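Beneath this line is the structure, given in structure tokens, with notes to follow.
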């Protein structure tokens, strides 16, 4: 605690890396680019998973599990998809090790155990899943198929950062099959809605819903929908994507169904996913220089109670009261931890739970017992209040709801303050050099212009927003006509 | 439905394979030895996971996540462990594909993207985890560490069977670190108790708790505890293992802690796991020639309601009543499906839910509405009864509890009927040739004798049971003294 933490102002990137480690969320492992998700970080991920899983099931999806490996011949079947991921594939070539004849305590790959066909560790599962769906789909009665998978995937990245970009990451990937194009597009849009609701209601993170430009689309998709969030440094983070895959995978794997008239047609597809990257988004939306700030809906511990005592008798009396309060809170579905570890001082604990982003801290001392009060601190504003024990459960329930709302409002206000309309390329280049944020600008819709912007400014077209009004205008770069503004920003 | 299913009597192995597919649990994939777990199978696995996860957390464990890959140098650090798994390792040697210069629509492994050090796809995670724990443990105050991981692992198997033996499988692996030997042994035993409780209370599957002989121990363990269940064909299935790892991994990875006096000592370890293999055990404990039989505690759908109707008016009235019943049942925490699909006939549905092992089937027809009754069939005994609608919720709640108990009792009775005491090797060889089952016999404790039994009869020493009485005797093979009987059987 003696060492001062890097502030966001000083170095946002270092602040992030330090915080992930300080708050015990994750750390780098002995494997290049792969992380260890520590118990506290994993507990947050479990909250994310549980809520999303519930929402997927409520919208009619079921979970299943498909193989980790994709044989190369299947992997390359959908050419665009294969091309998009080929450069970041971990490849299994052998299935056995043997003792090193030159050093009996070491192992070497057994050259005689070479696979006839290499296996790709899945970077995404369209190929293996559509190869499977082929056997499941004959008739329109077999459709739709609405399946989700929770899994690990591997994309070999040269520069990695905890949660934001790791060689292996955890995610969910939905893969659906439909009889019509309309139905598949509706599914892709529905899942974008689910992601939006999750981001805004549970992560307290406002997002812009949009479509990707052609060059930013998922490899193999006809259309990619996305949600984009603004981090505290003004950069964008793509928090979830939902793809309309057209008939691309059905054609690559020859998946057809007989419609009501018996006519054979290719099946329509979607896929959609969010990953442990959301952990990074959560951190960079709310946290502060002292540590993590978690929206109550995703906090593994919502309330921590810390006894302040001199004598054992004090501790006994405080513990009694703390247990009472815990029981009351648990009845309301609020998670509570009572930390009576006598090896650690209250000040140490205060800092510890602040770092870990526990939304509400209660301290109880002997004087509180006399007065029938507790000291209560909310993590987001750090406001301290002395509160009556009577009715504390409902007080905290309201407080948590208020924190959830106000974290969202604060993030939204920040975003509003950092979205800028620009009309000339000069203005844009000048502004994005000096300050972050999202830029709303007209674009002529061509890949050439998009590429020019990217090369010259490192900013990219994040999305063509779904919810904005049409507005006739002229591309800020070329002056050609445009029908609406797109969102441009530097991105994670 | 026209084709007759293979019966258990005819061909137990074929019955099993067919059933897994017929009941929509899993299927073989396009990847050698890897399976696809289908939604219905995965829903059962989710029930298994949820219950175990709850029990792990109740016993103080937390979840975390460690990398899929283990660098070869870490993998080989604990020599016995490495030796034990070396022959079944999938090895990643490259991290990129490129377009085949001879065929632009194909990909080849890019020879320039060879890894400096090969990565092993984890067959188990002791190595990567203990390499991580090294950074977490300095003092006795950092202990114990009680962590579990839900993950996929890969063990390259030449002969695979759905759920029972697959190259990739899903499992949980607990990895704990302790300050003392006593504490580590207590942990290994505690987790064996958790597995026993889960197997018996939730899977309704009686198990024998025991220790493995030295040659059957987990590679790298000082002691392996196990639970062994008897399948319907009399063969044994190892349903879970809990290992006391001594200081083997702490020594291999140099993990020491300072005790209260400041003295540095190596840390003591355990690991324990169960896998999707439990699905196979569940099937082969309870199912019958018609299909799956599921203990209610693990059935994704506990009650199915099927309308029997001629007219649309009938269907509307039946649906009203079915909704009423569903709501009542859901209030008691019972999962219900109402299947009003008009494209399928009731007879087809009856067979379908029988195949899928839904514990209770309710049929409601117009006459039932008049009489205030329903027709109710329990899956295990196939008993049919006409039951009053009044109080149906409590009736079903009791029925499900009764089924859970009676499935356990039935399996236990079967096991009792198929455990045989044998005192001479001749007897043993004769009996195990003609009938399956478990054999309780005296063994001299040597690997030589164990090997001889295995070679000559294909049966193995499943375990040295924990809960049986000491009994002086003579090894059935060598006549040497023995202190108690061990369990010998052919095994999955």
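Sorted shortest first, the distances from the residue B:14 label point to those of the same residue in the other copies are 7.1 nm; each point sits 7 Å from Cα along Cα-to-Cβ. Distances from residue A:214 to itself in the other copies, using label points 7 Å out along the Cα-Cβ axis, amount to 7.1 nm in increasing order. Distances between copies at residue B:446, taken between label points 7 Å from Cα along the C-beta direction, are 8.8 nm in increasing order. Mind pulling the angle between the C-alpha long axis of helix A:277-286 and the longest principal axis of chain A? Nearest 10 degrees, somewhere in 0 to 90. Around 40 degrees separate the two axes. Under 15 Å from a label point set 7 Å out along the Cα-to-Cβ vector of residue A:345, the amide N atoms of segment A:283-325 belong to A:308-310.
Please label the shape of segment A:1-93 as rounded, prolate or oblate, based on the square roots a ≥ b ≥ c of the eigenvalues of the alpha-carbon gyration tensor (a/c under 1.5 means rounded; beyond that, a/b larger than b/c means prolate, else oblate).
oblate
If contacts are Cα pairs under 8 angstrom and at least 6 residues apart, what is the relative contact order of chain B in percent?
Numbers: 962 pairs, mean separation 66.5, N = 492.
Computed value for chain B: 14 percent relative contact order.
When the Kirkwood radius is taken over all Cα pairs of segment B:383-461, what Stokes-Einstein diffusion coefficient follows at 37 °C and 0.692 mPa s, in µm²/s? Let's see the in-between values first.
Working: Rh = 16.2 Å.
In µm²/s, the coefficient is 203.
Mean sequence separation of contacting Cα pairs (under 8 Å, at least six apart), scaled by the length of segment B:298-407, corresponds to a relative contact order of 29 percent. What percent does the relative contact order of segment B:63-178 come to when contacts are Cα pairs within less than 8 Å and at least six residues apart? About 30 percent, as a whole number. Taking the DSSP bridge list for segment A:419-489 and keeping only pairs wholly inside it, about 75 percent are antiparallel.
Classification of segment B:12-286 by its C-alpha gyration tensor yields an oblate form. The axis ratio a/c (a ≥ b ≥ c) is 1.5 or more, and b/c is at least a/b. For the residues of A:75-82, the average number of beta carbons from a partner chain within 10 Å of their own beta carbon is 2.
Across peptide B:115-128, what mean number of C-beta atoms from other chains lies inside 10 Å of a residue's C-beta?
On the way: counts 4, 1, 2, 6, 8, 4, 8, 0, 0, 0, 0, 0, 1, 5.
Other-chain Cβ atoms within 10 Å of each residue's Cβ, averaged: 3.
Using R₀ = 41 Å, calculate the FRET efficiency as 1/(1 + (r/R₀)^6) where r is the Cβ-Cβ separation of residue A:314 and residue B:401; round to 0.05. Show your work: numbers first, answer last.
Details: r = 47 Å, r/R0 = 1.16.
Using R0 = 41 Å, I get an efficiency of 0.30.
Distance between the modelled labels on residue B:260 and residue B:454, one decimal in nanometres: 4.4 nm (7 Å Cα→Cβ projection). Packing-based ranking of A:333-341, B:179-187 yields B:179-187, A:333-341, ordered from highest to lowest mean Cβ neighbour count within 10 Å.
Peptide A:37-43 has a mean of 5 when you count, residue by residue, the C-beta atoms of other protein chains within 10 Å of its C-beta.
For a quick protection proxy, order the peptides B:200-207, B:54-61, A:292-299 by their average other-Cβ count within 10 Å, most packed first. Write down the numbers at each step before the final one.
Numbers: B:200-207: 22.2, B:54-61: 14.9, A:292-299: 25.1.
By packing density, highest mean first, the sequence is A:292-299, B:200-207, B:54-61.
Shape class for the protein assembly as shown, computed from the alpha carbon gyration tensor (a ≥ b ≥ c): rounded, with a/c under 1.5.
Every number in this text was worked out from the coordinates using simple rules, so none of it is lab data. Quick caveat, the model's predicted, so the values are computed rather than measured. Cβ: placed from backbone, ideal geometry, glycine included. Neighbour counts: every protein chain shown.
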